[in-house]
Amino acid sequence: MAVGVFDSGLGGLTVLDAVQKKLPEVPFVYFADSAHAPYGVRNADDIYNLTTAAVSRLWDEGCDLVILACNTASAAALRRMQESWIPRDKRVLGVFVPLIEALTERKWGDNSPPREVAIKHVALFATPATVASRAFQRELAFRAIGVDVEAQACGGVVDAIEDGDMILAEALVRSHVDALKRKMPEPEAAILGCTHYPIMADAFQEALGPEVAVYSQANLVAESLADYLDRHPGMLGAGTETKYLTTGNPVKVSTGATRFLRRQVTFEQA
Ligand code: DGL
């Protein structure tokens, strides 16, 4: 049994860490498409082609269930994959829905009509491709009415994190929060809509101020995966080993991953 976790690079490790803590008995195969990161500046076809190639590789590793721990792939490619590409005996889950369910105070699978929710002004921080897809607003509109969403495309942040340049990443976060606040001076909640951004959660919170509730995905995805596996234990797949695969330089990616997770992580060439 093994579950696949995919991201363009290091960001999905924020999700991996949470799912490993929640489900310590499950082996996970993590795939970082570091050679092609960042995805957030690519077009939808490109993101679809890269994501399907990565997910196929995870199926070859014995994972029948793959988590796209990447908002950009979830926003730009998942729907198309679900419509025509995923075989019947496999599943691919995105990271958007658990977050939107939390924001709109819904339980899993509650498909009742959209209703008013407590939070009215939401700031969304995400990659340019995620913002352009409007996938977040679409999923939100299925569940809530009267929520004003202001989206800020945070160019450069993922590159800085992948390069380990945290000073640049912090400066970019401050400037993107300033830009957002010019459009929406008083957001009640902020969504970190890219799995790389929880690595910068303190910088976001500081720039936004203590009164803004900052939502990120890792723990919400872990809860929702545990719930899914309870209901679909057959999706655990044939793989038996936890491994870390990358299309990039395994030494460089291992160094970055070890720094973020504060434990030794060793990547091998995908
Ligand atoms: N961590 C990813 C996301 O959640 C991808 C970022 C990127 O490659 O641009 O969107």
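Rolling a 1.4 angstrom probe over the protein heavy atoms, how many square angstrom per residue are accessible across segment 123-220?
Numbers: 4190 Å² over 98 residues.
It amounts to 43 Å² per residue over segment 123-220.
Got a number for carbon plus sulfur as a percent of the chain's accessible area, 1.4 Å probe? Present the calculation step by step, with values, prior to reporting the outcome.
Values: 5970 of 11770 Å².
The value for the chain is 51 percent carbon and sulfur by accessible area.
Say a paramagnetic label sat at a point 7 Å from the Cα of residue 116, along Cα to Cβ; which residues of segment 142-162 have their backbone N under 19 Å from it?
Output list for this probe position: 142-149.
Nearest 500 deg cm²/dmol is fine: what mean residue ellipticity at 222 nm does the chain get from its DSSP H runs of n ≥ 4 alone, each adding -39,500 (n - 2.57), divided by its residue count?
Working: 12 runs with 121 residues, N = 270.
One gets -13000 deg cm²/dmol as the mean residue ellipticity at 222 nm.
Output the DSSP H helices from the chain with an along-axis C-alpha extent of no less than 15 Å and a mean Kyte-Doolittle hydropathy no less than -0.5. Don't jump to the answer; show the numbers that get you there.
Numbers: long enough: 44-60 (24 Å, -0.07); 166-183 (26 Å, 0.21); 218-231 (20 Å, 0.03); 250-261 (16 Å, 0.35).
Helices passing the filter in the chain: 44-60, 166-183, 218-231, 250-261.
Cα-Cα over 20 Å: which of 120/183; 21/107; 21/243; 120/181?
Details: 120/183 15 Å; 21/107 22 Å; 21/243 16 Å; 120/181 15 Å.
The answer is 21/107.
Let me check I've understood the local charge: for residue 188, count other residues with C-beta under 11 angstrom from its C-beta, Lys and Arg +1, Asp and Glu -1. What total comes out? Numbers along the way, then the final one.
Details: positive: 120; negative: 148, 186, 211.
Here the charged neighbours net out to -2.
Starting from 0.36 nm per residue, how many nanometres of slack lie between residue 263 and residue 243 once their C-alpha separation is accounted for?
Details: separation 20, 0.36 × 20 = 7.20 nm, distance 1.44 nm.
Between residue 263 and residue 243, full extension yields 5.8 nm more.
Ranked highest first by average number of other Cβ atoms within 10 Å, how do 22-29, 190-197 line up?
On the way: 22-29: 15.6, 190-197: 29.0.
Taking the mean over residues of other Cβ atoms within 10 Å, the ranking is 190-197, 22-29.
Which order do the peptides 229-239, 32-42 take when ranked by the mean count of other beta-carbon atoms within 10 Å per residue, highest first? It would help to have the intermediate numbers written out before the result.
Working: 229-239: 14.2, 32-42: 23.1.
Taking the mean over residues of other Cβ atoms within 10 Å, the ranking is 32-42, 229-239.
The values are calculated or read from the model by the stated rules, or taken from the named source; none is laboratory data. Owing to the predicted nature of the structure, the values given are computational and were not obtained by experimental measurement. We place every Cβ from the backbone using ideal geometry, glycine too, and count neighbours over all the protein chains shown. Surface accessibility is based on the protein's heavy atoms, side chains included, excluding ligands, DNA and RNA. Shrake-Rupley method; radii C 1.70, N 1.55, O 1.52, S 1.80 Å.
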